[in-house]
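S.K.: Here it is: the structure, laid out below.
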Amino acid sequence: MIRLLPIASSVIIVSFAVMVFRRYLQRGGAHLLVWGIGLTMFGIGSFSEAYSTFAWSPTVFRLWYLTGAILNAAWLGQGTVFLLSRRRGTARALLVLLVLGSILATWFIFTTPLNATRFNSDETLSAQYREILPRAATVRRLTPIFNIYGLLTLVGGALYSAWLLWRKEIVPNRVLGNLLIAVGALALGFASVLVRLGLGDYLYVAELIAAIFMFGGFLLATSRTGLSTAAAVSSP
Amino acid sequence: MTPARRAQRPALTRSPGYRLVVPVLLVGVALVTVVVLILAGGVLFGLIP
């Protein structure tokens, strides 16, 4: 089971990322490009978890921590900032900060020595990373900053969109789609906090729930079913 | 909003269940988000190890 969960998450997230990149190529839009990058990071994180249930690799562990634990939520949230921000300059300035922060985090994680002797392929990475990555490592202090930004922008943005469209009484598929995205992102944020509290076994389940809800929410929000009208509002 | 425009609205937006459940879910998810943000803040400021 421990092997199947991250594999299932990877398959869903890769399909999701391909769909978002394809939509970006058809329509353009910085939010789609940034979401695609965030989803690719989510996919790399899930793939790293799947790989680590078979073998140890310091590079794979570092990629897991970088993309799965630090960056993916913040990049997904940055996509939402581009979608909702009326001031392009603000969104671009935040993107520059995120890129600089991501470079810094990459440098820290790839220069931090790891304690590989504590690795056990029968345990989830989230349950054992505290033993592998030194407690005093600077990169561990950076993690909550990225995750708070990601949670605020991704969940907050989805809830704001849902509330706005609900008040206007239009496109209920986008209201419900945004709610699903918010719940999926929240599941991820909640699991990340549980990991910090020492309950790391729940992360793989939460990632699968997040992948299903966010992908389902995106499909619902972008569908042109009988739920929707021809009303023109910005779509994801 | 003209009557013609209002007539284009999908039936679901006028159903009592939709009108009631969506705000309840929005508030519920928002409250849990605040709790998670407080916990994440605790981690950031070293209050949670």
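S.K.: Go through the residues of the stretch A:111-124 one by one and say whether even a single one is under 26 Å from A:Ser57 (Cβ atoms), within 12 Å of chain B (Cβ to nearest Cβ) and modelled with pLDDT under 95. Talk me through it step by step, then tell me what you get.
M.R.: Our first condition is that a residue be under 26 Å from A:Ser57 (Cβ atoms); within the stretch A:111-124, this holds for A:111-124.
Next, from what is left, pick out any that are within 12 Å of chain B (Cβ to nearest Cβ): none.
No, there is no match, as no residue in the stretch A:111-124 is under 26 Å from A:Ser57 (Cβ atoms), within 12 Å of chain B (Cβ to nearest Cβ) and modelled with pLDDT under 95.
S.K.: Still on this structure: Taking A:Arg174 and the conditions (1) crowded, with 24+ Cβ neighbours inside 10 Å; (2) charged (D, E, K, R); (3) at the interface with another protein chain (Cβ under 10 Å from one of its Cβ atoms), which numbered condition does it fall short on, given that it satisfies the others?
M.R.: Looking at each condition in turn, A:Arg174 falls short on (3).
S.K.: Is it the case, given these coordinates, that B:Arg6 is at pLDDT below 95, part of a helix (DSSP H, G or I) and more than 18 Å from the chain's Cα centre (by Cα)? Show your work before the answer.
M.R.: Details: at pLDDT below 95: yes; part of a helix (DSSP H, G or I): yes; more than 18 Å from the chain's Cα centre (by Cα): yes.
Considered against the rule, which asks whether it is at pLDDT below 95, part of a helix (DSSP H, G or I) and more than 18 Å from the chain's Cα centre (by Cα), B:Arg6 comes out as yes.
S.K.: When the stretch A:145-164 is examined, which residues are found to be buried (at least 24 other Cβ atoms within 10 Å of the Cβ) and either without any contact (Cβ under 8 Å) to a residue 24 or more places away in the chain or touching a Lys or Arg at 6+ places or on another chain (Cβ under 9 Å) (or both)?
M.R.: Matches in the stretch A:145-164: A:Ser161, A:Ala162.
S.K.: Something else about it: What do you reckon, is A:Val183 crowded, with 21+ Cβ neighbours inside 10 Å, closer than 22 Å to A:Ser9 by Cα, out of contact with any Ser or Thr (no Cβ under 7 Å at 6 or more places or on another chain) and within 9 Å of chain B (Cβ to nearest Cβ)? Spell out the reasoning first.
M.R.: Values: crowded, with 21+ Cβ neighbours inside 10 Å: yes; closer than 22 Å to A:Ser9 by Cα: yes; out of contact with any Ser or Thr (no Cβ under 7 Å at 6 or more places or on another chain): yes; within 9 Å of chain B (Cβ to nearest Cβ): yes.
So A:Val183 passes the test.
S.K.: Quick test of your reading of the structure: A:Ser85 fulfils all but one of (1) surrounded by fewer than 22 Cβ atoms within 10 Å (Cβ to Cβ); (2) touching a Phe, Trp or Tyr at 6+ places or on another chain (Cβ under 6 Å); (3) small (Gly, Ala, Ser). Name the failing condition by number.
M.R.: Only one criterion is unmet by A:Ser85, namely (2).
S.K.: Given A:Ser192, A:Ser121, which one is among the polar types (S, T, N, Q), in contact (Cβ under 8 Å) with a residue 12 or more places away in the chain, in a loop (DSSP other than H, G, I, E, B) and farther than 21 Å from B:Val22 by Cα?
M.R.: Numbers: A:Ser192 fails: in a loop (DSSP other than H, G, I, E, B).
Just a single option satisfies the conditions, and that option is A:Ser121.
S.K.: In the set A:Ala69, A:Ala30, A:Ala55, which member is under 21 Å from A:Ser192 (Cβ atoms) and of a type in the set (Gly, Ala, Ser)? Break it down stepwise before answering.
M.R.: Details: A:Ala30 fails: under 21 Å from A:Ser192 (Cβ atoms); A:Ala55 fails: under 21 Å from A:Ser192 (Cβ atoms).
Result of the check over A:Ala69, A:Ala30, A:Ala55: A:Ala69.
S.K.: Right, next: Say whether the condition of being more than 17 Å from A:Asn178 (Cα to Cα), surrounded by fewer than 20 Cβ atoms within 10 Å (Cβ to Cβ) and without any contact (Cβ under 8 Å) to a residue 12 or more places away in the chain is met by at least one residue in the stretch A:60-68.
M.R.: There is no residue in the stretch A:60-68 that is more than 17 Å from A:Asn178 (Cα to Cα), surrounded by fewer than 20 Cβ atoms within 10 Å (Cβ to Cβ) and without any contact (Cβ under 8 Å) to a residue 12 or more places away in the chain.
S.K.: Something else about it: With (1) within 29 Å of A:Tyr202 (Cβ to Cβ); (2) surrounded by fewer than 17 Cβ atoms within 10 Å (Cβ to Cβ) as the list, and A:Gln128 as the residue in question, which single condition is left unmet?
M.R.: With (1) within 29 Å of A:Tyr202 (Cβ to Cβ); (2) surrounded by fewer than 17 Cβ atoms within 10 Å (Cβ to Cβ) applied to A:Gln128, the lone miss is (2).
S.K.: Restricting attention to the stretch A:133-167, and to residues there that are over 22 Å from A:Ile181 (Cβ atoms) and among the basic types (Lys, Arg), which single residue is modelled with the lowest pLDDT?
M.R.: This residue is A:Arg135.
S.K.: With the structure loaded, tell me whether A:Leu76 is in contact with a Gly (Cβ under 6 Å, 6 or more places away or on another chain) and either in a helix (DSSP H, G or I) or surrounded by fewer than 17 Cβ atoms within 10 Å (Cβ to Cβ) (or both) or whether it fails that test. Walk me through it before giving the result.
M.R.: Numbers: in contact with a Gly (Cβ under 6 Å, 6 or more places away or on another chain): yes; either in a helix (DSSP H, G or I) or surrounded by fewer than 17 Cβ atoms within 10 Å (Cβ to Cβ) (or both): yes.
Considered against the rule, which asks whether it is in contact with a Gly (Cβ under 6 Å, 6 or more places away or on another chain) and either in a helix (DSSP H, G or I) or surrounded by fewer than 17 Cβ atoms within 10 Å (Cβ to Cβ) (or both), A:Leu76 comes out as yes.
S.K.: When the residues of the stretch A:16-48 are narrowed to those that are of a type in the set (Ser, Thr, Tyr) and surrounded by 23 or more Cβ atoms within 10 Å (Cβ to Cβ), which ends up farthest from A:Leu219 (Cα to Cα)? Break it down stepwise before answering.
M.R.: Filtering the stretch A:16-48 down to residues of a type in the set (Ser, Thr, Tyr) leaves A:24, A:40, A:46, A:48.
The next check asks that each one be surrounded by 23 or more Cβ atoms within 10 Å (Cβ to Cβ); those that pass are A:46, A:48.
Details: A:Ser46: 21, A:Ser48: 26 Å.
Selected residue: A:Ser48.
S.K.: Conditions: (1) part of a loop (DSSP other than H, G, I, E, B); (2) in contact (Cβ under 8 Å) with a residue 12 or more places away in the chain. A:Arg86 meets all but one. Number of the miss?
M.R.: Among (1) part of a loop (DSSP other than H, G, I, E, B); (2) in contact (Cβ under 8 Å) with a residue 12 or more places away in the chain, the lone unmet condition for A:Arg86 is (2).
S.K.: Please state which of the following conditions A:Ala211 fails to meet, knowing it meets all the rest: (1) within 13 Å of chain B (Cβ to nearest Cβ); (2) closer than 18 Å to A:Leu71 by Cβ; (3) touching a Ser or Thr at 6+ places or on another chain (Cβ under 9 Å).
M.R.: (1)
The values are calculated or read from the model by the stated rules, or taken from the named source; none is laboratory data. Only a predicted model underlies this, so the values are computations on that prediction, with no experimental measurement involved. Cβ coordinates were reconstructed from backbone atoms using ideal geometry, including for glycine residues, and neighbour counts include every protein chain displayed.
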